[in-house]
Structure formats: C-alpha cells, structure tokens
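Take a look at the structure below.
Nothing in this text is a laboratory measurement; each read-out follows from the coordinates by a stated rule. Just so we're clear, the structure is a prediction, and the values are computed from it rather than from any experiment. Positions of Cβ are generated from backbone atoms using ideal geometry, with glycine treated the same way; all protein chains shown enter the neighbour counts.
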Amino acid sequence: MAIRYDEHFQDKASDFGNIRDSFYILMTMNQYTMNPWIPLKKEAEGLLRIALFSKDLRLHKESRRLQESAYGYMGDNATAHDLALGLMLAWMPVLILCSIVDRNPVAADDIRRKLNKLVDKVRASLMDDSIREAFINTFEDQPEGDAMKHWVTDIRKQCENMESFFVAFAGQGRVRYHYGVAHPILSNIESIYIAKHGRDWLRNEREARYNLVLGMPSDEGLLWFDFRELWQIASAVSIVGCTCLGAFILSYFTPTVGLGCRSFGYTVFASMSFGLLICEGFVWWLVSNARTPQGIARIRTRLASNTAYRGLESRSIGFANKVSIVVHKVLKSTGKHVLHGYLLLLSLFVKSDTLESQKLRIERMGKRWREYSIQEWTDRCVLRPGEIINTIWLIYIVLAQTFGAYETCKCMSSVYEYGTEHGYMDFTQWAVTNSTWVKWYWTGGTVLASGVMSIGMVYIVAEWCLQSHLSTEDYDDAWKGLRRTRHFRRFTYPYRWVIGALITGGKWLWYHLAKLFNPETNARSDQRSLVWTKDITYRKTPTVVPLQHVGDVEPSRRESAPLLQVPSINEPPATHSNNSTVNVSPRSSSEA
C-alpha cells in the first residue's frame, strides 16, 4: 500500500526499500523484552520512531550496513488417533503453524546487541547539540514544526536514561506478560497518517517520514492496551474451546449417552485451560503498568463520588491489607521452620562447613524469592504447576484411549451423570442410535471442531504468504512476492469488502449507541486501520503551481511540478495574478 498498484519494481535504495527495512527492523525489535521502566515513557516510543523512520539524523560513527538473515525455522509436532480425540487435539496443527511462522533469530543475543547499538547511536546523535539542531532544521517548514521541535527536545532529555533498551529475547508469545514494541508504533502511525492516505501513502516521502516520526500526540508510551487486540484473544480462545467442544459433543452423544470418561476428560482439560487463562489475564491486568483507558477512568471517578462505593472500597482495601499481613507472617514463620528442619536433617549427613554453605545458599534463594513480583509468584506457584498438571492430564487422555484404558465397565457406563449413584449399560441403545438427531450430533461436533481448525490454518498460511516478502533477504524475490500479494488481494477484495462493511457498520452502531447513553464518551467511528485498495483514494488538498498555467504544463510533467501546499482545503482560494493559477494536484479518475 505504500506505492501504486501498477508500480512493479523499485531499487533497493529507494524510499520503498528503506521503509521496508524499517518495518523489518521493527518486526525484529518486537521479539525482545524492554527495560522494565522504559515503556512507561512516551519519549521511548519517540526514540524508536526516530531510529526506525528518520533518515535525516546523522549518526555518530556510522558503520557500514550489515545484512544477514536474522531468522530460522522451527519444526512440527504430533497428531491424534481417532475422531473424537483428533478433534480434541485439532488446535495443535494451528499451534504448530504458528510456531513455524514465528521465525526466530539465529543468534538472539547478537541481534539484541545490534538493536541496542542502533538505539544507542540515535541517542548519542540526539544528545549532540549540533546534530540535534541540524535534525530539527530539516522539518522547521512543516505545519507541526514547533511541536516536532519540542518533541525531539523531550526525547533528548530522556536519552541518558534509556541505556540497554532491549534486555532479552521473548519471541512471539513465548514469554509470559511480554508486550512488544511493534503494535503501539504500528497502531499510532496508522491512525495519524497511513490509514487516511491509503494507497501510495509513501508518495510524498518527506511528509510521510515526518508524520511517522512525530506520531499522534498522546502520553501512552509503548505500554497500553488496545481493545482491537481482543479479537486476537477471542480467536485463540475460540480455537481451543471449539475443538474441545466438538470432541465433547461426539463423546457425550455417543452411546452410552452421557458424561463418561472421555467427555469428562475433555471437560476437565478445557476447564483448566480456561481457568489458567483467566488467572493469567487477571494478574496481568492487576499489576500492569499500562495507563487506565479514559472510559474506565471516568467510570471510576463517578463511582468514587458515591458514598457507598467509597465505604466498600475502604473496607475492601482494609481487608486486603489484613490478609496480606497474615499471609506474610504465615509464610515467614513457615519458611523459618522449614529451613530449620531441613538444616537439622542435613546435619546428620554432612559436615559443618558444608552445612554452613547450604544455609547461605538457601538464604540467598529466599532473598531472591522475596524480591519476586506478583507476576513471577503467580507464574511459578500457580500457572506453571497448573499447566504441568493439565499437560499430564492431556497425555493421560491420549494414552488411555490409545492403549484401551477406557475399555472398562466403569468408563463404558455414564457414571458421572448428576443424581445417579450407579452407572448403567444399555446394550440395545435403539432409541438413541436410531434417532435422527444422532446424525446432527456427529455432524455438528465434527464441523465445529474441524471448521475452526481449518479456518485457523488457512488464515495463518494466508497471512504468512502475504507478509513473508517483508523478511525475504533477496530483494528481487521480495518484489515477486509483493506482486503475488497484490494479485491475491485484488482477487479476494470483494469478500474482504463485505467483511469490512460489516465491521464499519458495527463500529458506526457502537459509536452512536455510546453517544446516546454517554455523550462524553471517547468512542471513535473513524477508520484507524489501513484498508487495502487497488486505486489511490486519498484526495490531496489544493496546491499552487507557481508562475505557470495548467495548460502550459505537459501532462507527463504535472506530477513532478513544484507544488506549494495550501494549509486547509476549507480556506477560500487566493487571488492570483495573470501569471499564476490555482490547480488541484492532478490525479486520474481511477486514483481519486
């Protein structure tokens, strides 16, 4: 979308090639965790914007360009054994595809050092007064030049405190509570410039870079929650939930009908998975450093004005403090007794000097444990043990069905039915097996699980094919991939247009309902994401062609004629002499 649809090739050193490299670097940065306090600062996002999208800042000791492939591939995994169990494990192929698409740096630490070196060079250049002033002068003629100047100055004040920007490799969904740098930056530049300009948004390269560096005025920084990410969470939950539900339907309605060993096992696995998800999400929300959305903050302010709410809040805080004090005392006392008993038992078998070293080692371990955050305690004491237990349970389900452990009288009877003390075995099952509903039970369960799995796999493969040209090392091959991507998007445009129209209609309805019930709401109905189109749809503001008539300019040169941009399209046209005229930037009918 950065260039015209019919533009087939640009040099590697072109504006398109440079922007492609910028997004590739951003994609790599997204897989590294940041220094814990850095994401809280809006200036941190600005520093990365300058490092990624600005080419006017001269870097200290700029070295030669180093080009190498930063990614490798992963392998694959296992399959299931029969239909119900296969549907139960139908989420695994989707997970395997995600692992393959999630390409990993071959040398993660080396790539991290290079990324930090890039950020450090930008920091050093911004802290150099002469280089910074020269950089500011490059955009002083822009409409937001003063705002940009203050923005760069604010970033410079924070540069000294932004050492070791990236601290460890996290990958895509491999480290718990990881929030990468890509989504905040991409969402911001889409909202401020790219979504509005659409196709050929890189046409005015200087203006585009200026807006990409400046971004949208806000104080959110690199750590904030975007409600548009909920569809990704909902998709992941749906993939696992629907496959488990499909397996449950088949097992439950297969004679003997009822909650047996297989359907009960699937229920336990799905319930534990969903419970761990809720626990992780709640802890993430509870201790997150992200700023509270304005809508939720406004609701809290209104509730705080209610006397009953304030009383309930104070009592809840007091109760929580008492519980935390009691828990702390119990843990401290228990730890002392456990340490004393362990050392006493150890003294029977080891020498005194070894005993003293063991005591020091345990004390250091206890000190490290006391420094754990709530997230780390939850991870080590709740989430990891729960996931281990759930994994063991899943392995048990597979092995039990593989080696016939379910072929027992107990498992062949519906012993888990509510209100029944004994199981039952009906060797005829005529009323069930001959029922017309059996067909729909099996069809519904199979279609639900296999359909969700197929949609997930097709979506992942399609997205990988559409985006792989971004990380293709050979530039010619990348252009071939881009052309194929354009053809595919053009072919599937009618289907995506219908989906986009439904989303737009839903946003419009949500916006007006929110305005109806709360006139002060900050809900938005405008387009914040880039929508693919073949033609250029953005209409530029009127421009002035100095000292020449429109008819005097050759058609082939009208696009490159020097233009002076008028600040606003709503302003009345200026009066010109006979030697000049007002002209709207030339566009063909297909581009308008």
- Item | Gain in span if fully extended, Met365 to Ala405, counting 0.36 nm per residue against the direct Cα distance | 10.1 nm
- Query: Roughly how many nanometres apart are two label points built 7 Å out from the Cα toward the Cβ at Leu286 and Ser471?
  - Reply: 3.5
- Most to least packed among 445-451, 279-285 [average Cβ atoms within 10 Å]: 445-451, 279-285
- Over the alpha carbons of the range 106-169, what is the largest minus smallest coordinate on each principal axis, giving the biggest first in Å? 44, 21, 18
- Query: By average Cβ neighbour count within 10 Å, what is the ranking of 157-169, 263-275 from highest down?
  - Reply: 263-275, 157-169
- Item | Gain upon complete extension [Glu133, Ala462; 0.36 nm per residue less C-alpha separation] | 113.9 nm
- Beta carbons within 10 angstrom, averaged per residue: use that to sort the peptides 231-238, 391-398, highest first. 391-398, 231-238
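Which value in Å is the Kirkwood Rh of the range 119-222 over different Cα pairs? Don't skip to the answer; put the middle values down first.
On the way: mean 1/r = 0.0637 Å⁻¹.
Mean inverse Cα-Cα distance, inverted, gives 15.7 Å.
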